[in-house]
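This report concerns only the one structure given below.
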Amino acid sequence: MRETTGRGGLWRPELGSITVSILTALYLLAVTNGSFWTKGWLYLDGRLTTFASIAIGVASLYIAVCVAVSLKYVMKPLFVLLILASAAAAWFMDRYGVIIDTEMIRNAAETNSAEAGHMITPGFVLHMLAYGVLPSALLVWVKIRHRPFLWKVRANLTVIVPMIVIAVVAGFSHARVYAATVRNHRDWFQMLNPVVPLANTVKFAARQSAERNVVAAPLGVDARVGDAPLTERKPRLMIVVAGETARAANFSLGGYGRETNPELKTKDIRYFSDTTSCGTATAVSLPCMFSVYPRTEYTHRKGLETETLLDVLSHAGIDVEWWDNNTGSKKIAARVKERSVIEGGNPQYCKGGECQDQVLLDDLDAWIGSVKKDTVLVLHQIGSHGPAYSERYPDAFRRFTPDCRSAEFSECTLEEIVNAYDNTIVYTDHILAGVIDRLTAQQDRLDVSMLYMSDHGESLGEFGLYLHAAPYMIAPDVQTHVPFVLWLGKDAKAAYSGTCLDAETTEPQSHDNLFHTVLGMMRVETKVRDPALDLVSRCRLGGVS
């Protein structure tokens, strides 16, 4: 290392570009890859030789890559970007156990400032200062010595080639073990930082660019309401509540040990105890729920290219509205009436760009009174969205205490985190009961019903994971097992066999059923309704399928 004096007489150390590249590579690998190394040690059963071999191989590749890009005017900004990105990714991977795949990036990109603000905790800021800003500042401070281009190429190759050879040898030394471990634990190398997060960011950006001008193709234009005209019956009103981050494991309706559904249990509801989500994040699950495609066929692009359930209902002449207390409809309601209840929401329930779900009920009485024809209203909750669970319910619903009052989980015990989450479920129970009460009050003039289904579940420390958005193929059950509630008013109840519907509650169901079941309940006839996925029509008295 040389010492130099910069402008103004300030002392600056001077290092060669190869030395800086090696130090940066080792910093990224050693300091910002805690989750990768922890999982590696666990999955390799603590076999020191095997673990050391993979460590040497990965380190050699990191060094080779960093040396390869050590170009003058390029390496400093690039390395600063890598350090900052790695520090940010490390916080979320190490703290919450999340994997930063394309769907996690999509979920982050489509969130709002209020929701994102809960993730920028004092702990995160300190972490970024210590592991991102400080090493970046040191890198900027150091004067990097570059050789002439041809000399640089030769010198770099004397490092790059041996590093690649070492990596290949290290990989082949225990190839069978590594292959079997990666095959059985697909999450391991998805934690490699910053390689995987940056690669997935580029992949997401490319997809966004390709999807920018996609136009939804018409769907179900043949749709029509297939029974008696309004002059001979009551108008139907169905409220679909799209839940947020509610996991079935914490619903007492499904056997949870705590009483989290004290109000719904007094209503004449049906709870479908074995329901699976389409995804583990709102950006995936929500559009998939309202899509004609089953989970096995759904892709984000297909969802954009095809009209949704709401469009089919609209084609049938049914009034459709979407009220949002979250981050929007993800273009599901792009062609129907959509409004955010956050804007101008009651300050008793709203602050900082977010509202508790009571705002969804504030205008419901007057709105229901105005319904004169067949109508479907979607209420999109904020529900149990974390990590700021305590922001989702008022003090009156602090049933389980002590509850975590911070978005920084490190400040709370696991018991406090679970208590806060359970309180959000109790509050959702209250909101759903409130919807039912309002519908009940109008059932002398309307044929009413309610369907509630959460978009995905949540991890609360199981397997070291918190929050949601784990890749579906490795996601734990608590992120994919969701609550599903159906309530029928007196007219709707009289139209179906209760025994038949009760039998459906114990059968495996999924988000795939929502599209077709809503069409069935609204008596919409169309070629795109799949009777096999319509839970109610098969139970309709009179044998209508």
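Values quoted throughout were computed directly from the atomic coordinates according to the rules given, and no laboratory measurement underlies them. Since the model is a prediction, treat every value here as computed from it, not as a measurement. As a convention, Cβ positions derive from the backbone with ideal geometry for all residues, glycine included, and neighbour counts pool all protein chains shown.
List of remarks:
- Backbone amide hydrogens, once placed in the peptide plane, bring Ser510 within less than 5 Å of Thr276, excluding anything fewer than 5 places away on its chain.
- Applying a threshold of 27 Å to the alpha-carbon distances of Lys203/Lys331; Lys265/Lys330; Lys337/Lys527; Lys372/Lys493; Lys330/Lys493 flags Lys265/Lys330; Lys330/Lys493 as lying beyond it.
- Note on segment 467-519: with charges restricted to the Cβ of Lys and Arg (+1) and Asp and Glu (-1), its dipole about the Cα centre is near 180 debye.
- Cα gyration tensor, segment 279-333 - rounded (a/c under 1.5), prolate or oblate: oblate
- For His456, distant residues with modelled amide H under 5 Å away: Thr245, Ala246
- Rounded to the nearest whole Hz, the Karplus-based 3J(HN,Hα) values (6.51 cos²θ - 1.76 cosθ + 1.60, θ = phi - 60°) of segment 219-233 follow the sequence 9, x, 5, 7, 5, 7, 6, x, 10, 4, x, 4, 5, 10, 7, with x at glycine and proline.
- Positive-end extreme of charge dipole, the chain - chosen from Leu361, Ala316, Val69 (charges on Cβ): Val69
- Two-decimal Rg to Rh for segment 2-210 - Kirkwood Rh, Cα set: 1.00
- Residue (of Leu286, Gly344, Tyr271) at the positive-pole extreme of segment 201-350, dipole from beta-carbon charges: Leu286
- The string of couplings for segment 78-92 from the Karplus curve (6.51, -1.76, 1.60, θ = phi - 60°) is 5, 5, 4, 4, 5, 5, 5, 5, 5, 5, 5, 5, 4, 4, 6 Hz, one whole number per residue in order, with x for Gly and Pro.
- Per-residue ellipticity at 222 nm from helix content only, as computed over the chain with -39500 (n - 2.57) for each DSSP H run of at least four residues, stands at -13000 deg cm²/dmol.
- Charge dipole of segment 390-545 about the Cα centre (unit charges at C-beta), most positive-ward option of Thr440, His511, Ile474: Thr440
- Relative to the Cα centre, the charge distribution of the chain, modelled as +1 at Lys and Arg Cβ and -1 at Asp and Glu Cβ, gives a dipole magnitude of about 2600 debye.
- Gyration tensor (alpha-carbon) shape descriptor, segment 275-372, a/c threshold 1.5: oblate
- Shown here for segment 25-111: trypsin sites (Lys or Arg not before Pro) in loop regions (DSSP other than H, G, I, E, B) with at most 14 other Cβ atoms within 10 Å, namely Arg47, Lys72.
- Between the entries (i) 52, 24, 22; (ii) 38, 27, 25; (iii) 44, 29, 25, the label attached to semi-axes √(5λ) of the Cα gyration tensor in Å calculated for this structure is (i).
- Extension gain, Arg207-Lys267: 0.36 nm per intervening residue step, less the Cα-Cα distance, totals 17.1 nm.
- Per the chain, cysteines lacking a partner by the 4.7 Å Cβ criterion: Cys66
- When each of the peptides 143-151, 111-119 is scored by the mean number of other C-beta atoms lying within 10 Å of its residues, the order from highest to lowest reads 111-119, 143-151.
- Segment 396-545 pair-distance distribution - Cα-Cα, 5 Å bins, rounded %: 2, 8, 14, 15, 16, 14, 11, 9, 7, 3, 1, 0
- Listed values for segment 20-30 are Karplus-derived 3J(HN,Hα) couplings in whole Hz (6.51 cos²θ - 1.76 cosθ + 1.60, θ = phi - 60°), namely 5, 5, 5, 5, 5, 4, 5, 5, 4, 6, 7, and x replaces Gly and Pro.
- Ser370 paired with Ala30, simple spin-label distance in nm, labels 7 Å along Cα-to-beta-carbon: 6.5 nm
- Rounded to two decimals, the Cα-based Rg/Rh of segment 217-284, with Kirkwood Rh, is 1.10.
- Protection proxy ranking, highest mean first, for peptides 183-190, 204-211: 183-190, 204-211, where packing is the per-residue count of other beta-carbon atoms within 10 Å, averaged.
- Order by protection proxy (mean Cβ within 10 Å, highest first), peptides 394-400, 320-326, 79-85, 167-173: 320-326, 79-85, 167-173, 394-400
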